[in-house]
1. At 0.890 mPa s and 25 °C, plugging the Kirkwood radius over alpha-carbon pairs of region 325-385 into Stokes-Einstein gives what diffusion coefficient in µm²/s?
2. Could you list the square roots of 5 times each eigenvalue of the Cα gyration tensor of region 281-330, that is, the equivalent ellipsoid semi-axes, sorted largest first and rounded to whole Å?
3. Assuming R0 = 35 Å, can you tell me the calculated FRET efficiency for the pair Ala228 and Glu282, based on Cβ-Cβ distance, to the nearest 0.05?
4. Let me know the Kirkwood hydrodynamic radius for region 264-385, please, with Cα pairs as the basis and the value in Å to one decimal.
5. How far apart, in nm, are two points set 7 Å out from the Cα along the Cα-to-Cβ line at Val117 and at Asp264?
6. In square nanometres, what is the average projected area of the Cα convex hull of region 105-219?
7. Taking every Cα atom in region 163-272, find the radius of gyration and the maximum pairwise distance Dmax, and write them in Å.
8. According to the square roots a ≥ b ≥ c of the eigenvalues of the Cα gyration tensor, what is the shape class of region 82-126, taking rounded for a/c under 1.5, prolate for a/b larger than b/c otherwise, and oblate for the remainder?
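Please treat every number below as a calculation from the coordinates, not as lab data. Fair warning: this is a prediction, and the values are worked out from it, not measured in the lab. Please note: Cβ atoms are built from the backbone with ideal geometry, for glycine as well, and neighbour counts cover all protein chains shown.
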Amino acid sequence: MTPTDAAHATTPGSSLSLRAKNALDGLMPANRMPCPSPAWPRTAAALAAASVSAVLLLACCAPAPNPVSAPASESFVDELEAPWSIAFHGDAALVSERDSARVLEIGETGEVHEVAVIDGVEPGGEGGLLGLAVSDGELFTYFTAQGENRVERRTIVGDAGGLSLGPATVVIDGIPAAGNHNGGRIAFGPDGMLYVTTGDAGDRDSAQDLDALSGKILRLTPEGEVPADNPFDDSPVYSYGHRNPQGIAWDAEGGMYASEFGQDTWDELNVIEPGGNYGWPEVEGIADDGDYIDPVQQWRPETASPSGIAVTGSSIVIANLRGERLRTVPLDDLTAGTEQFVGEFGRLRDVVVGPGGDAWILTNNTDGRGDPSDGDDRILRLSLD
């Protein structure tokens, strides 16, 4: 049986950023094992204050860690139902709920307003209303419909506190869907293009098939057209050989990063190249095989299951589900990292940087795989100063 997000709970043509090149040049062999991280219990009191956590030792065993203090967090919104993604329209946060298909508007003081219920969503397993992205006054939604995943866009109507959505226009459809491995993260890159992560939908070999939309990162115009400078002619495929990528982000130099669920050996952080082959299902984790691009970091699933990611001024921050922690990777050393809030808030699904510079973090304990506490699920706000 192919492990899923639940089991985690049980040739390139473009140049990389200088940071990414340096990290790839310094990769360690595949037989290097990460040293174990402590598993700390969750406590209700942790919602009021942060704890001290251990520095993460990743795919290559680094020198002995130094403890770091986790910054204070704030439980900003409570009692959400299986939230999946956060995107911003001005100062208003928009949040998707996977199973209810609701899009919620979160006000500046935490008030919640229902913007819409997305028509056609058919939740089941890992499917449902997943990723959100906003561009030029439009909300883009990735969701599981009958027999497929698709992306739609709608005009955002109204003022803060009372937003609504106009009629839907399909951006891309026909993305394979299944009870697991649906991918689902969408984001606009610095080039103004829409990037879409798709899982293999349980069909492992499709990740290596350039004619299939599954197991890929796709790149489209906001209208759903194939950009002329995509790496494969007349194809939305930007990179391939992915199992279930659920996080994408860019640094200030344009370097692109993606988090990915492995099977039962290695989860990954990858630097994404146009046309790059990331190996699944032929390899998992660092393989030292010239036919595939190795991750810059790999982690055992019990300490990871990485979902949403964001880039701050100096770091990549990664929300982890089974690992129940926020992981921080410095941009000037992509093989290093620290971790905070280990076990304190349960499963973490998404992290984004808000308009004021704070990190907004979604917990994901009510999705059927977590251990909800009173008030779950939540949005936490974390100062990055």
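1. The estimated diffusion coefficient comes to 194 µm²/s.
2. For region 281-330, the ellipsoid semi-axes come out as 22, 15, 8 Å.
3. My answer for the efficiency is 0.70.
4. Averaging 1/r across every pair of different Cα atoms and inverting gives 15.3 Å.
5. About 3.9 nm separates the two model spin labels.
6. Over all viewing directions, region 105-219 projects a mean Cα-hull area of 7.8 nm².
7. Computed over the Cα atoms of region 163-272, radius of gyration and Dmax are 13.9, 44 Å.
8. Here region 82-126 falls in the prolate category.
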